[in-house]
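What follows is a set of notes on a single structure, which appears directly below.
The values are calculated or read from the model by the stated rules, or taken from the named source; none is laboratory data. Model, not experiment: these values are computed from the prediction. Because the Cβ atoms are built from the backbone with ideal geometry, glycine has one as well, and the counts that use them run over all protein chains shown. When the accessible area is computed, the model is the full protein with side chains, heavy atoms only, and any ligands, DNA or RNA have been set aside. Shrake-Rupley method; radii C 1.70, N 1.55, O 1.52, S 1.80 Å.
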Amino acid sequence: MTYSASPNCLPSEIDVAIIGGGPGGAATAISLQQQGDKQVAILEKSRQEHFRIGETVPPNIYSVMQQLGAREILEKGEHLPSSGSSSAWGSSQLGYQDFFFSLEGKGWHLNRTLFDASLAEMAAEQGAILRRRVRVVGGNRLADGKWNLALLDEDGSPWELKTSFVVDATGRRSFFASKQGANRVVMDSLLAIAAVFELDNSAVKAGYTLVEAAAWGWWYAARLPNNRAIVTLMSDREQVGEHQFSHWKYWQAYLEQTNYVQEMLAGAIPASQLMVTSAVSQYLDQMTGDGWLAVGDAACTFDPLASAGIYKALRSGIQAAEAIANYFNSDTTALTQYEARTRHQFELYLEDKRHYYALEQRWPNSQFWQRRRFKIALDPSQWLDWEQSPESIRQLQGLKMYLPVRDLHLLCQLCFGGKQAGEVVGKFLAHTQGRFSAYRAIEALEYLLVEQIILRSCTPV
Ligand SMILES: Cc1cc2nc3c(=O)[nH]c(=O)nc-3n(C[C@H](O)[C@H](O)[C@H](O)COP(=O)(O)OP(=O)(O)OC[C@H]3O[C@@H](n4cnc5c(N)ncnc54)[C@H](O)[C@@H]3O)c2cc1C
């Protein structure tokens, strides 16, 4: 394929190319524009006109929107104010958490399409180039240290763009970072199966997000603008397969077993097909490299239970812009500092997630809840061993869960020759200099045992 230089009066070279115009990409662009001295382009593959799942934001969204100078987008759009959340979690009783007491005021149920498009357009108003319907399909490093991005227009016309820096804001697929060799480390196998309904029930507690735990996962329902609601079942890939939850008939039958969600939907009419999408918590084992970084979901993703993905993407964009400015000012630690901060924020999120899931103690036999109610079964005095062989190294390379492969490998090496679990964990924490909690190390050791990469040994070798 022959690539032409960029069309539509675009410069053939810019300072920062942002791949993806979602909240993470737009926030990076706005923050870079506020610094004022870099030519920035957002390259977005869609028209930003399609329906998107993920719409509830708590009041803390105000602080980041304020920092971006974008508060008006919330106030002016057709977004619905949210008064708080209600949940049947840990008990069949419905509890309420009001935003009334929040210093930052109310939350929102966003018109997500409008929100994403407005933020990207705000970046354009401030001077960034916004090119929609253009997909980045590749990128290679040039001899002068710059990048050459390969792009395709919606009609299939190829062109290319030279840039000094690339921001991967492509969401959970982390398109560009993956091409640079970064791997996703996944923490679970959560899937979201959602449908939109037209509501016939104006008495529905306006603006309250509803969460209801169930044996095989949990349900989530929220009002959308225009008297509609989104209803989502969150369950693990394995349970979705076993119970056929991605088929309307089984999804709806399961919905009818809920107490509160089906009550909210009384008289409602389905207004969409089922939409199935990944909702796993994951992070990249490499979030930055020379001349590039990943923001928002491209760097790490949160469980929708947290309703924090949009906030996190905006905050990440602000932090990314700061790191990029420092990088251009020859600060050689700027990108590693950004990465360390992002990793730390992800570790804090994992602790919150663990805490919240542990509050639900019903259904002790459900695999969904067992996985999230992780109890440490490994005795610290248990002897462990790793038999190093080309086969076990090959198996190790194929593992994708809990820790990056290099850290799983380190755990294996620490078991080599027969070591007690407690000693392995202690040495691992010392080697990794506080990057992980003891809990994370034990979780990974148990994973290596299940995968039979390391073995329990009865006696010291
Ligand atoms: C089921 C579910 C429910 C959720 N609910 C909530 C919620 O209630 N509240 C909340 O705060 N968060 C929620 N989230 C999370 C939230 O949607 C994300 O965290 C947020 O969208 C991340 O923003 P982002 O900009 O990083 O990525 P995205 O929003 O995914 O944006 C990525 C953009 O990159 C573009 N792109 C991708 N590849 C290319 C390419 N090669 N070239 C050009 N463009 C490309 C895409 O078109 C897209 O516009 C939910 C997520 C899921 C899965």
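Report, to the nearest whole %, how much of the accessible area of the chain belongs to carbon and sulfur atoms, 1.4 Å probe, protein only. Present the calculation step by step, with values, prior to reporting the outcome.
On the way: 10200 of 20570 Å².
Solvent-exposed carbon and sulfur of the chain make up 50 percent of the total.
Rounded to the nearest 20 debye, what is the charge dipole size of the chain about its Cα centre when +1 sits on each Lys and Arg Cβ and -1 on each Asp and Glu Cβ?
Details: 43 positive and 49 negative charges, 61 e Å.
Taking the Cα centre of the chain as origin, the dipole is about 300 debye.
From the P(r) of the range 317-452, can you give the percent of Cα pairs sitting at distances over 25 Å? Walk me through the numbers on the way to the answer.
On the way: 3780 of 9180 pairs.
In whole percent, the share of Cα-Cα pairs in the range 317-452 beyond 25 Å is 41.
Give me the log10 of I(q) over I(0) for the range 190-278 at q = 0.10, 0.13, 0.19, 0.26 Å⁻¹, as the Debye formula computes it from C-alpha points; what are the numbers?
Summing over Cα pairs of the range 190-278 leads to -0.22, -0.37, -0.79, -1.44.
Count charges around TYR62 for me, please; just the other residues with Cβ under 11 Å from its Cβ, Lys/Arg as +1, Asp/Glu as -1.
Numbers: positive: ARG71, LYS106; negative: GLU75, GLU104.
It works out to a net charge of 0.
As a quick test, which of the pairs LYS249/LYS353; LYS106/LYS353; LYS179/LYS312; LYS312/LYS353; LYS45/LYS76; LYS353/LYS375 have an alpha carbon distance above 21 angstrom in this structure?
Over 21 Å apart, Cα to Cα: LYS249/LYS353; LYS106/LYS353; LYS179/LYS312; LYS45/LYS76.
Taking the Cα centre of the range 207-362 as the origin, how large is its charge dipole in debye, to the nearest 20, when only Lys and Arg (+1) and Asp and Glu (-1) carry charge on their Cβ atoms?
Dipole magnitude for the range 207-362 comes out near 420 debye.
Kindly provide the helix-only [θ] at 222 nm of the chain, computed as the sum of -39,500 (n - 2.57) over DSSP H runs of four or more divided by all residues, to the nearest 500 deg cm²/dmol?
-10000 deg cm²/dmol
For the range 226-324, state which GluC sites (Glu not before Pro) are in a DSSP loop and have at most 13 other beta carbons lying within 10 Å of their beta carbon.
Details: sites: GLU238, GLU242, GLU256, GLU263, GLU322; in loops: GLU256.
Of the GluC sites (Glu not before Pro), the ones in loops of the range 226-324 whose Cβ has at most 13 other Cβ atoms within 10 Å are GLU256.
Please report, to two decimal places, log10 I(q)/I(0) for the chain at q = 0.13 Å⁻¹ as given by the Debye formula with identical point scatterers on the Cα atoms and no solvent.
Each listed q corresponds, in turn, to -1.26.
With every protein chain in place, what's the accessible area of ARG435 (1.4 Å probe, Å², nearest 10)?
100 Å²
Please report how far the C-alpha centroid of the range 199-261 lies from that of the range 368-398, rounded to the nearest whole angstrom.
35 Å
Once you place label points 7 Å from the Cα toward the Cβ at GLN97 and ALA340, how far apart are they in nm?
3.1 nm
Keeping all protein chains in position, work out how much accessible area LYS106 exposes to a 1.4 Å probe, and write it in Å² to the nearest 10.
80 Å²
Can you tally the net charge around THR277? Count Lys and Arg as +1, Asp and Glu as -1, for every other residue whose Cβ sits under 11 Å from the Cβ of THR277. Numbers along the way, then the final one.
On the way: positive: ARG52, ARG172; negative: none.
So the surrounding residues net to +2.
Please work out how much length the chain gains when fully extended from LEU10 to GLN452, using 0.36 nm per residue of separation minus the C-alpha to C-alpha distance, in nm with one decimal. Write out the running numbers ahead of the final one.
Numbers: separation 442, 0.36 × 442 = 159.12 nm, distance 5.43 nm.
153.7 nm is the gain from fully extending LEU10 to GLN452.
Going from the alpha-carbon gyration tensor of the range 288-338, what semi-axes, largest first and in whole Å, does one get by taking the root of 5 times each eigenvalue? Present the calculation step by step, with values, prior to reporting the outcome.
Values: eigenvalues 116, 20, 9 Å².
Rounded to whole Å, the semi-axes are 24, 10, 7.
At q = 0.10, 0.12, 0.16 Å⁻¹, what log₁₀ I(q)/I(0) does a Debye calculation on the Cα points of the range 376-457 give, no solvent, two decimals?
-0.19, -0.27, -0.50
Can you classify the range 283-395 as rounded, prolate or oblate using the Cα gyration tensor, where a ≥ b ≥ c are the square roots of its eigenvalues, rounded means a/c under 1.5, and otherwise it's prolate if a/b beats b/c and oblate if not?
oblate
With every protein chain present, what is the per residue accessible area of the range 376-457 (1.4 Å probe, Å²)?
Numbers: 4070 Å² over 82 residues.
Counting only protein heavy atoms, the per-residue value for the range 376-457 is 50 Å².
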